[in-house]
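Below is one structure, written out as structure tokens, with a few remarks after it.
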Amino acid sequence: MTELTPEQIVERLHWRYAVKKFDADKKIPGDVWDAIEQSLLLAPSSFGLQPWKFIVVDDPELRAKLCQASWRQSQVVDADRYVVFTALRTTTDDDVDRYIARQCEVRGGEVEALKGYRDVIAGFLVKGWAAKDLFGWNARQAYLALGQMMTAAAAMGVDTCPMEGVDMAAYDDLLGLKGTRYATLCACAVGYRADDDKYAGAPKVRYTLDEIIERR
């Protein structure tokens, strides 16, 4: 396995920025895009429940409509790929049972043997702090996936632009999510920066390490 050095990781993170203008003619190679999709598949989530769905929008007409519902931000139509992040509106016992069954399918064993673990998860969803706002809790999990995807893309030299400037209700309507268990959270444009994006070379504006990391 070829590993990036610490210096290369930091360099990639400095290189990454929220692209304002994509090169609409530059395409992501198939194997690179497959790896980016795998970064979503392999993203962490609390208890491993994966309370999300990622919608890759390739249809140009649908992209154009989503652009209108995104205050006409050009990244929606110019980026090679566009991913909409959604989360479950709520989480139920059935979701927990589905995950437990999948765990047994992948790792072997019997569902009955995981009853204690299953009950801990279900109890947390009913009585834990997540129960006060299950959609908010699920949304936090989906943002972990967004961060992992953006980092994986940057490691491979692929640009991204996370986008919360979207009309979530309009997205739900356009994507057929109304009346389903999923709701739009945000989106992410993925592709390659245009040569004339003036923000590409701008230094990052960050507080100092001592201001944001407290050591005890």
### Cβ crowding within 10 Å averaged over residues, with 33-41, 173-181 ranked highest first
33-41, 173-181
### Task
Using R₀ = 41 Å, calculate the FRET efficiency as 1/(1 + (r/R₀)^6) where r is the Cβ-Cβ separation of residue 198 and residue 101; round to 0.05.
0.20
### Simple Cβ-charge dipole of segment 6-212, Lys/Arg +1 and Asp/Glu -1, about Cα centre, in debye nearest 20
420 debye
## Note on the structure
Measuring from the longest principal axis of the C-alpha atoms of the chain, the long axis of helix 30-41 (C-alpha) lies at a number of degrees, nearest 10, equal to 40 degrees
### Summary
Least to most buried among 121, 55, by other C-beta atoms within 10 Å and fewest first, runs 55, 121
### Message
How tilted is helix 115-127 with respect to the longest principal axis of the chain? Cα atoms for both, answer in degrees (0 to 90, nearest 10).
### Response
70 degrees
### Query
When the chain is modelled as a GNM with alpha-carbon springs shorter than 10 Å, which of 117, 192, 171 fluctuates the most?
117
## Note on the structure
Per the Cα gyration tensor, segment 6-212 corresponds to an equivalent ellipsoid with semi-axes, largest first in Å, of 33, 21, 17
### Task
Mind telling me which of 184, 160, 90 comes out most flexible in a GNM of the chain, alpha-carbon contacts under 10 Å?
90
### Query
How far is helix 6-15 tilted off the main Cα axis of the chain, in degrees rounded to 10, range 0 to 90?
70 degrees
### GNM top mover of 17, 99, 182 - the chain, alpha-carbon springs below 10 Å
99
### Task
Neighbouring Cβ atoms within 10 Å as the yardstick, rank 112, 214 fewest first.
214, 112
### segment 1-122 - charge dipole about Cα centre, Lys and Arg +1 at Cβ, Asp and Glu -1, debye rounded to 20
540 debye
### Query
Considering the dipole of the chain built from charges on the beta carbon (Lys and Arg +1, Asp and Glu -1) around the Cα centre, which of 151, 44, 117 is farthest to its positive end?
117
### Query
Of the cross-linked pairs 26/178; 27/53; 27/178; 132/204; 26/65, which ones have a Cα-Cα span greater than 26 Å in the structure shown?
26/178; 27/178; 132/204
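Each reported figure results from applying straightforward, stated rules to the coordinates on display, with no laboratory input. What you see is a predicted model; the values in this text were computed from it and never measured. In this analysis, Cβ positions are derived from the backbone assuming ideal geometry, glycine residues included, and neighbour counts consider all displayed protein chains.
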